[in-house]
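Only one structure is covered here, and it is reproduced in the block below.
The values are calculated or read from the model by the stated rules, or taken from the named source; none is laboratory data. Small disclaimer: the values here were computed from a predicted structure and weren't measured. Note: ideal-geometry Cβ built from the backbone for every residue, glycine included; neighbour counts use all protein chains shown. When the accessible area is computed, the model is the full protein with side chains, heavy atoms only, and any ligands, DNA or RNA have been set aside. Shrake-Rupley method; radii C 1.70, N 1.55, O 1.52, S 1.80 Å.
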Amino acid sequence: MAGRPKIKLELTRSDKILEIMGGGLIFAIWVLVLVSYPSLPESIPTHYNGTGEADAFGSKSSILGLPLVATALFIGLSILNQYPHTFNYPDKIIEENARYQYRNSTRMLRCLKLVILIIFGMATYLTIRNAHQETAQIGKWFLPLTLGLIFIPVICFLIRAYRGDSKN
C-alpha cells in the first residue's frame, strides 16, 4: 500500500447511474418499510433457515433493522470507495496501472453496493409478505440467488483486474 499513487477518480456516467440506482433503492426500501409498518402484526419473522423457512420471530420493530443495516452498508461502502489506494489488488499498483485498477475496483464496489441493496430489498419485501401470511417462506431460491448475485460480479471484476495487469 505504501507508495501507491493517490488518484482522484472522476465519476463516469456509469458510476453516476450506479450511485443514483443505489440511492433510489435505499429510498424504496425505507418507503416500503414505513408504509408497511402500521399494518404489520406484532410478531414477524427475523431469520430464515437455508431452505427459506422462518425459524426465528421478533417484534414488528425488528423490520427496521433491514433498512438500517442496508443504509449503513451503503454509506460505509461509499466512504470506502473514496480510498481505492487502500484496497487489495492482484498485482503491484504503479502509476501506469493505477487508474485502470482503481476504476475497476471502485466500479466493483458500486456494483456490490447495488447487489447488497437488491438483496436487502428482496429480504424486506419477502419478510413483509411472510408477516402478512401471503407466503410461508422466502423461498429455496433466495440463498443461491443471493450468493450468485454477490460472487458473479466479484469474479467478473477480478478477471478484469488480472487482464488489466497483463496490459501494463
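For Phe57 and Asn88, FRET efficiency with R0 = 35 Å and r from the beta-carbon atoms, rounded to 0.05?
Working from the Cβ atoms, E equals 0.35.
Positive end of the dipole of the chain, charges at C-beta (+1 Lys, Arg; -1 Asp, Glu), about the Cα centre: which of Phe87, Val35, Ile116 has its Cα farthest in that direction?
Positive-most Cα among the choices belongs to Phe87.
In nm, what is the difference between 0.36 nm times the number of residues separating Glu10 and Arg99 and their Cα-Cα distance?
31.0 nm
Among Leu25, Leu34, Leu77, which one moves the most in a GNM of the chain with springs linking Cα atoms closer than 10 Å?
Among Leu25, Leu34, Leu77, the largest GNM mean-square fluctuation belongs to Leu34.
Once phi is turned into ³J(HN,Hα) by the Karplus curve 6.51 cos²θ - 1.76 cosθ + 1.60 with θ = phi - 60°, what whole-Hz value does each residue of the stretch 76-87 show in order, with x for glycine and proline?
Computed from phi, the couplings for the stretch 76-87 are x, 5, 5, 5, 4, 5, 7, 10, x, 5, 9, 6 Hz.
From the Cα gyration tensor of the stretch 104-146, with a ≥ b ≥ c the square roots of its eigenvalues, which class applies: rounded if a/c is under 1.5, or else prolate if a/b is larger than b/c, or else oblate?
oblate
Is it possible to state the helix-based mean residue ellipticity at 222 nm for the chain, with each DSSP H run of 4+ residues giving -39500 (n - 2.57), the sum divided by total residues, to the nearest 500 deg cm²/dmol? What is it?
-22000 deg cm²/dmol
Counting only protein heavy atoms, what percent of the accessible surface of the stretch 1-95 is carbon or sulfur at a 1.4 Å probe?
Accessible surface attributable to carbon and sulfur in the stretch 1-95 totals 65 percent.
Does the stretch 93-168 classify as rounded, prolate or oblate by the C-alpha gyration tensor (a ≥ b ≥ c root eigenvalues; a/c under 1.5 gives rounded; else a/b over b/c gives prolate, otherwise oblate)?
prolate
What is the dipole size for the stretch 1-69, taken about its Cα centre, with +1 at each Lys and Arg Cβ and -1 at each Asp and Glu Cβ, in debye to the nearest 20?
The calculated dipole for the stretch 1-69 is roughly 500 debye.
In the full protein assembly as shown, how much of Trp141 is accessible to a 1.4 Å probe, in Å² to the nearest 10?
120 Å²
Assign unit charges at the C-beta atoms only (+1 for Lys and Arg, -1 for Asp and Glu), then state the dipole size of the stretch 53-164 relative to its Cα centre in Debye, rounded to the nearest 20.
320 debye
Can you tell which of Glu96, Glu19, Glu53 shows the greatest fluctuation in a Gaussian network model of the chain with Cα springs below 10 Å?
The residue that fluctuates most here is Glu96.
Using every alpha carbon pair in the chain, what percent of pairs falls into each 5 Å bin from 0 up to the bin containing the largest distance?
With 5 Å bins starting at 0, P(r) equals 1, 8, 16, 17, 16, 12, 10, 8, 6, 4, 2, 0.
Using a 1.4 Å probe, how large is the accessible area of Lys8, given in Å² and rounded to the nearest 10?
150 Å²
With 18 Å as the cut-off, how large is the P(r) tail for the stretch 1-75, expressed as percent of Cα-Cα pairs?
I get 60 percent for the Cα pairs in the stretch 1-75 exceeding 18 Å.
Put a dot 7 Å past each Cα toward the Cβ at Leu80 and Val35; how far apart are the dots in nm?
With each label point 7 Å from Cα toward Cβ, the separation is 3.1 nm.
What list of ³J(HN,Hα) values in whole Hz, one per residue of the stretch 114-128 in order, does the Karplus curve 6.51 cos²θ - 1.76 cosθ + 1.60 (θ = phi - 60°) give from phi, with Gly and Pro shown as x?
Listing the rounded values in order: 5, 4, 4, 5, 4, 4, 5, x, 5, 4, 5, 4, 5, 5, 5 Hz.
Specify whether the C-alpha gyration tensor of the stretch 49-90 places it in the rounded, prolate or oblate class, a ≥ b ≥ c being the square roots of the eigenvalues: rounded for a/c under 1.5, otherwise prolate if a/b is larger than b/c and oblate if not.
Verdict is oblate for the stretch 49-90.
Within the stretch 115-140, which residues have the backbone N less than 17 Å from the label spot 7 Å out from Phe27 along Cα→beta-carbon, could you tell me?
Inside the label zone: 117-118, 121.
Keeping all protein chains in place, calculate the accessible area per residue for the chain (probe 1.4 angstrom), answer in Å².
On the way: 9700 Å² over 168 residues.
Averaged over the residues of the chain, the accessible area is 58 Å².
At 1.4 Å probe size, with no ligands or nucleic acids counted, give the accessible surface of Thr86 in Å², nearest ten.
Using a 1.4 Å probe on the heavy atoms, I get roughly 60 Å².
Given H placed 1.01 Å from N in the peptide plane, which residues other than close sequence neighbours of Gly58 have an amide H under 5 Å from its amide H?
Sorted by chain and number, the residues that satisfy this are Ile44, Thr46.
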